[in-house]
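Below is one structure, written out as C-alpha cells; the observations come after it.
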Amino acid sequence: MELVLLGSFLIMTAFGVPVAFALCLSVAVILVEFMNMPLVMVTQTMYSGIDSFSFMAVPFFMLAGAFMSAGGVTSRLVKFAQAMVGSFTGGLAQVVCVSGMFFAAISGSSAATTAAIGSTMVDEMESKGYRRELATGIVAAAGTVGIVIPPSITLVVYGVIAGSSIGDLFVGGLVPGLIMGLVMCILSWVIAKKEGIPAEGSFSFTNLLVAFKDSFWALLTPVIIIGGIYGGIFTPTEAAAVAAVYGIFVGLFIYKELKFKDFPKIIFQAVMGTTLIMFIVGAAKVFGWMLTNLQIPHHIGAYIVSLTTSPILFLILMNVLLLVIGTLINASAAVVILTPIFLPVATQLGIDPLFFGVLMVINLAIGCITPPVGLDLFVASAITNVPLERVMKASMPYLFSLLVSLLLFTFVPAIITFLPNALH
C-alpha cells in the first residue's frame, strides 16, 4: 500500500495533475482498493485539517497584503529602499532585495512578494542597463524571503501542525530573513561591478528621512504584529485580523489611494489566494493522515535513526530533501506532510522544534528558486515574459548564495533561536 500511495502521487504529478488533486486522489485509491472505506473520509479529513482557529490567520494576512498593495504601500516601500541603497553600485538590484524584505513583512507569501516587486521594478532596471533576464532572476530570488520574514503563512502552518508558538516562530524567522536579504544585496553589488553597471547619484540623508516619513505607516505593520503578539495584546490570529483592518485604515485615510470601489476586487483576490493555500493544506492533511495510518512516519524515523544519531548529519540530510521537495510542491503542503514525519526524529535527536521549523521553512523558501520547477521562477517569468530557462540561469548565483546562508543557519542554530529566547 505504501508503494501504491507514493507511486500514484508521483505518477500523477509527473503527468501534470495539480498537487492538491494528486494528494487526494492517491489517498482515494488506497481507501477504495485496499481499505474498503468510503471516499467521504477524504473530505472529512480535509475539513478537520483546516478547522483550526490558528489557520484563520491565513485569510487575514492575505487580506492585509492585498489591501496594502492596493493602498499604495508597495510603491512607498520601494521608494524607501531606493533612498537607502539606490545610490550604491548595483543600487536598483539592491532595491529589489530590500523591497522584497519589506514586502515580505506584509504579504507572508513568496509568490506575492515576487509578483509585487517584479511588476514594479523589472522595467526600470532594464532601462538602467540591467539585462532583462538578470533583473527577472533577481526579483525571483528576492521573493524567497516572503515566507521567512514574519508574518509568514508557512510558519503559521508549521506552528499549527507542530504545536509550536507562532509568535516565537515569527521572531525566529526575522534574523535569518534579514541575513538572506543582506547576502543578496552583497551579491547584487558584486554582479553590478562585474557587469559594469554604474552607481547612480549620491546618498542623501534628507531623502532617506523623507522616504522614511512617507513609508512610516507601512513599516509599522510588522511592529504592530510582533509587538502585539509578544505584548500579550492579541494572539497571532487576532494579529492577522488587526493587520487587515490596519491595511484598510492606511490605504483609505493615510495614503488615500484605496477606494471603496476597489474592495470587491481586492477581497476576491484574497479569497482566491486563501482558497488555493487552504485547499492545498487540506489535501496535504489527507495525505499525511494516510501516511500516519500506514505507519510510514514511524518506519522512516526508525530508518533515519538507524543511519545516524548525529543531529548535524540529520539536518544536512533534511536540507537536501527539503530543497528538492520545495521545487515540487507548495511550501505549506510540504510542511503539513513532512512535519509529522521528521519532527519526532528531530526532537529525539535533541533539536529544538522552533529551530527545526524555521530551518524547514528556509529550505522550502530556497526551493522556490531551485530548478527545475521553483514557484518563484515561474511567477517572475510570467510577469516579465522572460523564458524560464533564462530566469533559472540568471538566478543561479543567488541560489548558491542562499545555500551558503542555509549552511550558516544549520551550523549556528543560535541565529534562529537567540531572539525568541531573549524575549522570554
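When the helices of the chain are scored as -39500 (n - 2.57) per DSSP H run of n ≥ 4 and the total is divided over every residue, the value at 222 nm lands at -25500 deg cm²/dmol.
GNM on the chain, alpha-carbon springs under 10 angstrom: the most fluctuating residue among L343, L39, L315 is L39.
In the chain, a dipole from Cβ-located charges (positive for Lys and Arg, negative for Asp and Glu) runs towards its positive end, and of V190, I300, G172 it is V190 whose Cα lies farthest in that direction.
Per-residue 3J(HN,Hα) values for the range 43-53, derived from phi via the Karplus relation 6.51 cos²θ - 1.76 cosθ + 1.60 with θ = phi - 60°, read 5, 5, 5, 4, 5, 5, x, 10, 7, 9, 4 Hz in sequence order (x marks Gly and Pro). Rounded to the nearest Hz, the phi-derived 3J(HN,Hα) couplings of the range 317-322 under the Karplus curve 6.51 cos²θ - 1.76 cosθ + 1.60 (θ = phi - 60°) are 4, 5, 4, 4, 4, 5, where x marks glycine and proline.
The mean sequence distance of close C-alpha pairs (under 8 Å, at least 6 residues apart), as a share of the length of the chain, puts its relative contact order at 25 percent. For the set M290, M12, M1, solvent exposure ranked by accessible area (probe 1.4 Å, protein chains only) runs largest to smallest as M1, M12, M290. The longest stretch of the chain left intact once loop-based GluC sites (Glu not before Pro) with at most 16 other Cβ atoms within 10 Å are removed from consideration, loops following DSSP, is 1-199.
Peptides 142-154, 244-256 ranked from most to least packed, by the mean per-residue count of other Cβ atoms within 10 Å: 142-154, 244-256.
Sorting 365-371, 164-170 by their mean Cβ neighbour count within 10 Å, with the most densely packed peptide first, gives 365-371, 164-170.
When the pairs K213/K393; K285/K393; K79/K193; K193/K265 are compared against a 32 Å limit on Cα-Cα distance, K213/K393; K285/K393; K193/K265 fall above it.
Rounded to the nearest 20 debye, the dipole magnitude of the chain is 660 debye, with +1 charges on Lys and Arg beta carbons, -1 on Asp and Glu beta carbons, and the Cα centre as origin. In sequence order, the range 61-67 has phi-based couplings of 5, 4, 5, 4, x, 5, 5 Hz under the Karplus curve 6.51 cos²θ - 1.76 cosθ + 1.60, θ = phi - 60°, and Gly or Pro positions carry x.
Distance distribution P(r), the range 211-279, all Cα-Cα pairs, bin width 10 angstrom from 0: 18, 39, 37, 6 percent.
Between the listed residues S215, I383, L317, the Cα displaced farthest toward the positive end of the dipole of the chain, a dipole computed from Cβ unit charges relative to the Cα centre, is found at S215.
The values are calculated or read from the model by the stated rules, or taken from the named source; none is laboratory data. Here the structure is a predicted model, which means the values were calculated and not measured. As a convention, Cβ positions derive from the backbone with ideal geometry for all residues, glycine included, and neighbour counts pool all protein chains shown. The area values use the complete protein model at the heavy-atom level, side chains included, leaving out ligands, DNA and RNA. Shrake-Rupley method; radii C 1.70, N 1.55, O 1.52, S 1.80 Å.
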